[in-house]
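What follows is one structure encoded as structure tokens, with my remarks underneath.
The values are calculated or read from the model by the stated rules, or taken from the named source; none is laboratory data. Everything numeric here is computed off the predicted structure, so don't read it as measured data. In this analysis, Cβ positions are derived from the backbone assuming ideal geometry, glycine residues included, and neighbour counts consider all displayed protein chains. Protein only, heavy atoms only, side chains kept; ligands, DNA and RNA dropped before computing areas. Shrake-Rupley method; radii C 1.70, N 1.55, O 1.52, S 1.80 Å.
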Amino acid sequence: MTTSRKVAVITGSHKGLGLAIACKLAQQDDIWVIITSRKEADCQATEQRLKAEGIEVDCHQLDVTDPNSVNDFMDWVTSAYGRVDILVNNAGVNPSQVAEEASILTAKAETMLDTFNTNAIGALRMCQAVIPLMKQRGYGRIVNVSTEMASLQQIPQDFYPPAPAYRMSKVGLNAMTTMLAKELKDTNILVNNYSPGWMKTDIGGEDAPYTTDEGAETAIYLATLLDGASQGGFFAEMRKFGGAVVLPW
Ligand SMILES: NC(=O)c1ccc[n+]([C@@H]2O[C@H](COP(=O)([O-])OP(=O)(O)OC[C@H]3O[C@@H](n4cnc5c(N)ncnc54)[C@H](OP(=O)(O)O)[C@@H]3O)[C@@H](O)[C@H]2O)c1
């Protein structure tokens, strides 16, 4: 299958924030969305459900912690579409329910490593995989889903929940964004970070005040930036400030 539309890949997008971002991007005429999930059956079921609602997307299995899965995905997307124009690194885990995560003094290395592998290294794997394709076409937008909880300036003020594995892995993601932005500064590949706010999802829980549609708003803004726009920023949710506002790292 080929398309003249921009191809957008959203990791972890059969539910939660990723699904909301996918739906909003799919409603733009010039964007073709690929939703992905660790289990093939999950994204296929979501593709069918969206189709019934009149939203056309494609779907494929993708586990960002598994290099073979990333390679298989890239082989498929390259042969099916020959392009990836937009990447949203949304896949994430937050093991804050684990008792040891209540303090940095008890946090376990295994939990840290697993969390880093998804939240930071998984995103880097995807960037390293898609940036060569983006360079070929001279266009790319990469949106990394982070959290205000990973702002080093805010951690001393906002220390609940401690969630050391989650916070430290997202600090790693933030660092990756600034390093990529520096390396890509003379290209039309714009890499940015954002914090979606506290949303009702499996990670956020039922008490969260915001919906995934609200959390998706800034992702859409960053995924569709005009040429020459922001590079290497850490954005707050636009809802909170009524527009694009950068956060302290
Ligand atoms: N909810 C909040 O309040 C909040 C606040 C700030 C930031 N965020 C960020 O928003 C992003 C989305 O989270 P969410 O709140 O929408 O939670 P969610 O509903 O649990 O979604 C997380 C998604 O990540 C996927 N995922 C996890 N590990 C993966 C892997 N190894 N490879 C590919 N996909 C993987 C999950 O897939 P499976 O279904 O297969 O597990 C799921 O689709 C995360 O990066 C999170 O850190 C959320």
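Brief remarks follow.
- Using the rule -39500 (n - 2.57) for each DSSP H run of four or more residues, divided by the residues of the chain, the 222 nm mean residue ellipticity is -12000 deg cm²/dmol.
- In summary, the lysines within cross-link reach of LYS200, defined as a Cα separation below 17 angstrom excluding same-chain residues under 8 places away, comprise LYS15, LYS240.
- Helix axis angle, 16-26 relative to the chain longest principal axis, alpha carbon, degrees: 30
- Percent accessible area from carbon and sulfur atoms, the chain, protein chains only, probe 1.4 Å: 53
- Averaging the sequence gap over all C-alpha pairs within less than 8 Å and six or more residues apart, then dividing by the number of residues, gives the stretch 1-83 a relative contact order of 29 percent.
- Proximal lysines to LYS135, defined as alpha-carbon separation beneath 24 angstrom and excluding residues fewer than eight positions away on the same chain: LYS6, LYS182, LYS185
- For the stretch 36-130: accessible area per residue (Å², 1.4 Å): 49
- In a DSSP loop and with at most 16 other Cβ atoms within 10 Å, the GluC sites (Glu not before Pro) in the stretch 55-110 are GLU56.
- In percent, rounded to a whole number, the relative contact order of the stretch 68-211 is 29, using alpha-carbon pairs under 8 Å and six or more apart.
- For the stretch 140-249, GluC sites (Glu not before Pro) are listed when DSSP marks them as loop and at most 11 other Cβ atoms sit within 10 Å of their Cβ; the list is GLU206.
- Under 14 Å, Cβ to Cβ, from THR177 - net charge with Lys/Arg +1 and Asp/Glu -1: +3
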